[in-house]
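Here's the structure, in structure tokens; my notes come after.
The values are calculated or read from the model by the stated rules, or taken from the named source; none is laboratory data. This one's a predicted model, so the numbers in the text were calculated from it and none came from an experiment. As a convention, Cβ positions derive from the backbone with ideal geometry for all residues, glycine included, and neighbour counts pool all protein chains shown. Each accessible area value is taken on the protein alone, full model and side chains, heavy atoms only, with ligands, DNA and RNA left out. Shrake-Rupley method; radii C 1.70, N 1.55, O 1.52, S 1.80 Å.
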Amino acid sequence: MNKRILLLIVGLTAFLLALVATLLLTASTAKAQNLQGTFTGKLDAGMVKLTIVLSVLPDGTSTMESPDQTDQKIPAVTDFLSADSIAVSIPTLRASYKARLVGDELKGQFAQGAMSLPLTLKAGTIERRRPQTPKAPFPYKTEEVTFKNEQDGATLSGTLSLPTWGDSEKGTVLLMVTGSGQQNRDEELMGHKPFAVIADYLARQGIATLRYDDRATAQSTGGDLTNATSEDFARDAEAGIRFLQQNKRFDKIGIIGHSEGSMIAFILGSKGLVDFVVSLAGPAVSGDSIVWKQLQAMGTDTGITVEQVCQQQQASGQPWLQFFSVYDPSDNIRNTTCPVLALNGTKDIQVDAGMNLAAMRRLLPANAKSCIKAYDGLNHLFQHCQTGMPTEYADIEETFAEEVLKDIVTWILNLR
């Protein structure tokens, strides 16, 4: 931490000079301590309002995060300009924040690129309730397991949730596959743990699950991330299915995937590797169409065409995005002949329900056990919401709508 304390003392003896300097240093340090701690507030960018959390630690380090967007704490550089003024720079975002402490509030300007917006942060942390997050003790067993994707050199760590079955009984199990971005086995996002909630609910109804940390995330190790695409992640999931197939406790093995995880579920479903598929907000059209629809839903469409979206993604230099932009799940959906439960929320602006469920109905092979359903008023995370905007996710206490959980269980149990 770089402290710049300027003491201007004129006309004092050497003794008084030293004494006053000591007193002022003590006072300035005390005020600087008021600049340490956690400060939170809302950055108002017009249509989008983002929660910002600045943590200034006693050891001189600091972090800034936007929990409405991600759980990642981004390292920041802090400079104490005076006893009550601070400058924070976030090199990875090319952003900065300069503010003055007024009472218990930091009042200043947040700048990023050509944008400069007022930002007031109040001392204190965000208290968010997550009432659905499971808490021990549980009426079922859990086992910590690992399995390997030998081809990609990835070791995946996960949790097997096991209902109490009879000694001679075999039961149903689902592999759980997260959405895009590196996530842990709970698919943790903004304090929500949807996969933990789903696994707990299913286990209490007699259905086992295996959820795992994505490659090179949390307790999972190995596997290239820089060049990885959905096809690489599908091999991780396939390793999980193979692991479950070798386990003698299961007679039905399904897969439940959320968003990109649903794409992966259909990749494995088309290979005949699973007995059933549960698709949560799954894309059924090409990636460039998904992004184009997102731009429309968020009001940021400036007349761009699907083709232009694809060109921009191809020019990004990011292998995952380049793959996603041209990937069309149609053939994999057509070739998935096992029963499919495809669900989406009508306020999902990341994977539009109308467009994707219509494609799903057109593509899925006829199967009396398959079911496609839209839920009125639910967002991409299957929360009851107002707008469906991702910036809402963190403020909603509900993690996963209970009516969807009930429908998943009822559908799976009816397969037996």
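Of everything in segment 399-416 that is within 23 Å of the chain's Cα centre (by Cα) and farther than 12 Å from G345 by Cβ, the residue that is surrounded by the most Cβ atoms within 10 Å (Cβ to Cβ) is T399. For segment 289-305, the criterion of a residue being on the phi < 0 side of the Ramachandran plot, basic (K, R) and surrounded by fewer than 18 Cβ atoms within 10 Å (Cβ to Cβ) is satisfied by no position. All conditions but one from (1) modelled with pLDDT under 95; (2) surrounded by 17 or more Cβ atoms within 10 Å (Cβ to Cβ); (3) among the acidic types (D, E) apply to D348; the one that does not is (1).
I'd like to check something: does segment 180-189 contain any residue that is over 18 Å from S279 (Cβ atoms), over 17 Å from the mean Cα position of the chain (by Cα) and open to solvent by 10 Å² or more (accessible area, probe 1.4 Å)? Taking every residue of segment 180-189 in turn, none turns out to be over 18 Å from S279 (Cβ atoms), over 17 Å from the mean Cα position of the chain (by Cα) and open to solvent by 10 Å² or more (accessible area, probe 1.4 Å). If you filter segment 377-391 down to residues that are surrounded by fewer than 22 Cβ atoms within 10 Å (Cβ to Cβ) and outside any loop (DSSP other than H, G, I, E, B), you find that the one that is nearest to the chain's Cα centre (by Cα) is P390. The residue of segment 303-345 that is modelled with the lowest pLDDT, among those that are assigned to a loop (DSSP other than H, G, I, E, B) and hydrophobic (A, V, I, L, M, F, W, C), is I304.
All of K122, K107, K148, K98 fail the test of being in contact with a strand residue (DSSP E or B) (Cβ under 8 Å, 6 or more places away or on another chain), in contact (Cβ under 8 Å) with a residue 60 or more places away in the chain, closer than 30 Å to Q36 by Cβ and outside any loop (DSSP other than H, G, I, E, B), apart from K122. Among the candidates V278, V285, the residue that is in contact with a strand residue (DSSP E or B) (Cβ under 6 Å, 6 or more places away or on another chain), in contact (Cβ under 8 Å) with a residue 24 or more places away in the chain and among the aliphatic types (A, V, I, L, M) is uniquely V278. Got a number for residues in segment 213-245 being aromatic (F, W, Y) and free of Cβ contacts under 8 Å to residues at least 60 places away in the same chain? Residues meeting the conditions: 1.
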